[in-house]
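Worksheet: the structure to be examined is printed underneath.
The values are calculated or read from the model by the stated rules, or taken from the named source; none is laboratory data. Here the structure is a predicted model, which means the values were calculated and not measured. Cβ sites come from the backbone with ideal geometry, for glycine too, and all protein chains shown count toward neighbours.
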Amino acid sequence: MSSSSAGPWSATRWAENGTVRLAFDRWLEPADGEPLLLVIGLGANRHWFPDGLCRMLAGRGFAVARYDQRDGGESTRLPPTATRSPLSALFGKRGEAYTAEDMADDAVAVMDALGWPSAHLLGVSLGGAVTQRVALRHPGRVRTLTCVAAVPADTSGLRAARYIRMRTLAKFAALRFPDTPEGSIAAGVAVSRLLASPNRPFDESAARESAARNVDGGVHDRQAQSRQIGAQWHGGKIDAMTRPTLVLHGADDPLIKPAAARAIASRIPGSRLVLLPEVGHELPEHAWESVTTEVRGLADTAHRRPPRSAGRSGRTRRHGGRPAT
């Protein structure tokens, strides 16, 4: 899963949501294009989005930007709380540091700093839940929504647990590495291995090289992850979503069951589900063509889509003809 940032990225810029500062940057080529904001997942910094994928998205006519969520990367880290494990935070009854609404508003603050009245959104894992919430809370700011390897944004606790492979989450929560650059590199490799498709050989040397280029302590910062995953949503149900939606999910995802993607697609009117073969909880290179083609297609057809009734389920497509798991 590790990536690097060879560019061409802009210098780091900053957005503000109250006292929280959010680090972001933008792909510089081309200078114009349709705004596309990338939202990263639990604990990770924005550099985990592969440059090759961002280059392909830019080549398909998007102005690509990405940001570090609060408690991740260069963005503001909040004070420690009593909950110190992502596993226990998932089942907590309330967030101790901030709400899921705050995290949704962070994305809008970044869009404001970019000068974007609206944008296409693409979120991965926790970022996919955040983008669903942005579309519910700020529908006028969202052109289309692509959520990747996510759970329904209006579920939490035991309701969310049905979609999560608890053994993998427990392994993730149990990772222990020194708070040093070497420890962060080792953590990056371990996380990449844990989240990769079990049906593809794991390239440890490539993962280590990528982790060395992106030394991210957030992947083993259990307290920061606990604050992120513990943020509670008090807003509407995803059944009320009005934005054109694409749901992408790895058929081999070892962390989030494909049932989560099916649930999202069945509940968001007019949405579409695409299962990606030999893809885990990750964005591997062999899937980039499918991902960028689907995101481009969603953007191209969004303005021509007739409204659908809330009772309609999303359609499913499987790239590569491989059955879902």
| request: Note down all Cβ pairs under 7 Å where the first residue falls in the range 136-165 and is surrounded by fewer than 16 Cβ atoms within 10 Å (Cβ to Cβ), the second is assigned to a loop (DSSP other than H, G, I, E, B) and among the polar types (S, T, N, Q), and they're at least six residues apart or on different chains. | output: PRO139/THR242; GLY140/SER118
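Kindly indicate which of SER205, SER266, SER184, SER226 is hydroxyl-bearing (Ser, Thr, Tyr), in contact with a helix residue (DSSP H, G or I) (Cβ under 9 Å, 6 or more places away or on another chain), part of a helix (DSSP H, G or I) and surrounded by fewer than 24 Cβ atoms within 10 Å (Cβ to Cβ). Outline the logic, then answer.
Values: SER205 fails: in contact with a helix residue (DSSP H, G or I) (Cβ under 9 Å, 6 or more places away or on another chain); SER266 fails: in contact with a helix residue (DSSP H, G or I) (Cβ under 9 Å, 6 or more places away or on another chain); SER226 fails: surrounded by fewer than 24 Cβ atoms within 10 Å (Cβ to Cβ).
That would be SER184, the only listed residue that is hydroxyl-bearing (Ser, Thr, Tyr), in contact with a helix residue (DSSP H, G or I) (Cβ under 9 Å, 6 or more places away or on another chain), part of a helix (DSSP H, G or I) and surrounded by fewer than 24 Cβ atoms within 10 Å (Cβ to Cβ).
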| request: Please enumerate the residues belonging to the range 234-250 that are closer than 21 Å to ALA161 by Cβ and buried (at least 22 other Cβ atoms within 10 Å of the Cβ). | output: ILE238, VAL247, HIS249, GLY250
| said: Any residue in the range 211-231 that is at pLDDT 90 or above sitting within a Cβ distance under 7 Å of a residue that is surrounded by fewer than 24 Cβ atoms within 10 Å (Cβ to Cβ) and aromatic (Phe, Trp, Tyr)? List the pairs, counting only those 6 or more apart or interchain. | reply: ALA231/TYR98
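Please work out if SER226 is hydroxyl-bearing (Ser, Thr, Tyr) and over 17 Å from the mean Cα position of the chain (by Cα). Steps first, please.
Values: hydroxyl-bearing (Ser, Thr, Tyr): yes; over 17 Å from the mean Cα position of the chain (by Cα): no.
No: the conditions fail for SER226.
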